[in-house]
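Asker: My questions will all concern the structure given below.
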Amino acid sequence: MYQISISAGKDTLIAVAGHKLHFVITKGAEPTILLEAGGGANASQWKKVQQEIAKHANVTIISYNRTGYGQSELVDAPYDLKEEVRNLHTCLEALGVNKIILVSHSYGAFLSQGYQFLYPENIKGIILVDPNNIRFVDSIGFKILMTMPFDTTKPLSISQKADVRQNVAFKKTVETLRGMPFSKKMPITVISAGKDWWPFPKWNHWWKDSHQGFVSESQNRKLIIAERSAHNIPEESPEVIVNAIMEMLN
């Protein structure tokens, strides 16, 4: 495995499995803070958080674009969660990353779940920001979560094609993750939205209950409520995420 100097530049493209993934890197010491965007989002979602962490801690901070998002290339192959995680891991190895704090938003929590299961020795801690999760999926059902927010019969942008690719595989993704549970020994912080954002009270109840239920399963888990924010906590209340990261670092 060759290594790429991450001090050479902030934006890096890495070739893996026949395509290139785009990484936005702030160089510092270990551990590395890896920022995983929500479904349909890209690395720009983390701009405020990445800048603020750099002001407070001398750590390496990496945000990146999953296949088909931002400057990352879209592959012509079905979505497979394990393959996505393995490709990410290959890129991080190329960057010389060893110890990681995973920080993920919404759908990104599924990637963090897969990563911590496949590579537990690399993970120092996890922060899940208003995370989607299996408990919620079981409550609300697949049909609602697999509804696309745009007309798929019209010409699609690359990111929309990536959305469709990810969405078509959603059932398979969830079933795969049932066999890849979160560690109960790992320190995990869940940041849950303080403001309701689903269209119906029952859905909001299921969402909050899924977070509370997850945290209650282990004494190594902690729940934080982002009181002033709805779902988009990275944009609306980035300081809550930064504070949680600093607490985990300390």
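Asker: With +1 on each Lys and Arg Cβ and -1 on each Asp and Glu Cβ, how big is the dipole of the chain about its Cα centre, in debye rounded to the nearest 20? List each step's numbers first, then the result.
Answerer: Working: 27 positive and 24 negative charges, 41 e Å.
Using Cβ point charges on Lys, Arg, Asp and Glu, the chain gives about 200 debye.
Asker: How much net charge surrounds LEU249 when only the other residues with a Cβ under 12 Å from the Cβ of LEU249 are counted, with Lys and Arg +1 and Asp and Glu -1? Numbers along the way, then the final one.
Answerer: Details: positive: LYS99, LYS124; negative: GLU30, GLU247.
My count for the surroundings of LEU249 gives 0.
Asker: What FRET efficiency would be calculated for the residue pair LYS161, LEU13, taking the C-beta separation as r and a Förster radius of 25 Å, to the nearest 0.05? Don't jump to the answer; show the numbers that get you there.
Answerer: On the way: r = 19 Å, r/R0 = 0.77.
It comes out at approximately 0.80.
Asker: Report the net charge of residues surrounding LYS161, where surrounding means a beta-carbon distance below 14 angstrom and charges are Lys +1, Arg +1, Asp -1, Glu -1. Spell out each step's value before the answer.
Answerer: Numbers: positive: ARG66, LYS154, ARG165; negative: GLU73, ASP76, ASP151, ASP163.
With Lys, Arg at +1 and Asp, Glu at -1, the net is -1.
Asker: Provide the net charge surrounding HIS22, with neighbours chosen by a C-beta distance below 12 Å and charges set as Lys +1, Arg +1, Asp -1, Glu -1. Mind dumping the intermediate values first?
Answerer: Working: positive: LYS10, LYS20, ARG66; negative: ASP11, GLU73.
Residues near HIS22 contribute +1 overall.
Asker: So what is the calculated 222 nm ellipticity per residue for the chain, using -39500 (n - 2.57) for each DSSP H run with n of 4 or more, over all residues, to the nearest 500 deg cm²/dmol?
Answerer: Details: 10 runs with 97 residues, N = 250.
Rounded to the nearest 500, it is -11500 deg cm²/dmol.
Asker: Output the peptides 46-54, 103-111, 24-32 sorted from most to least packed, where packing is the average of other Cβ atoms within 10 Å over each peptide's residues. Present the calculation step by step, with values, prior to reporting the outcome.
Answerer: Working: 46-54: 19.6, 103-111: 24.9, 24-32: 17.9.
So the peptides 46-54, 103-111, 24-32, ranked by packing, come out 103-111, 46-54, 24-32.
Asker: Take the cross-link list LYS82/LYS202; LYS20/LYS47; LYS47/LYS154; LYS47/LYS82 and give me the ones stretching past 23 Å between alpha-carbons. Intermediate values should be presented prior to the final figure.
Answerer: Values: LYS82/LYS202 32 Å; LYS20/LYS47 21 Å; LYS47/LYS154 31 Å; LYS47/LYS82 27 Å.
Distance filter (> 23 Å) returns LYS82/LYS202; LYS47/LYS154; LYS47/LYS82.
Just so you know, all these numbers are worked out from the coordinates, no wet-lab data involved. Since the model is a prediction, treat every value here as computed from it, not as a measurement. Neighbour counts are summed over all protein chains in view; Cβ atoms, including those assigned to glycine, are modelled from backbone coordinates with ideal geometry.
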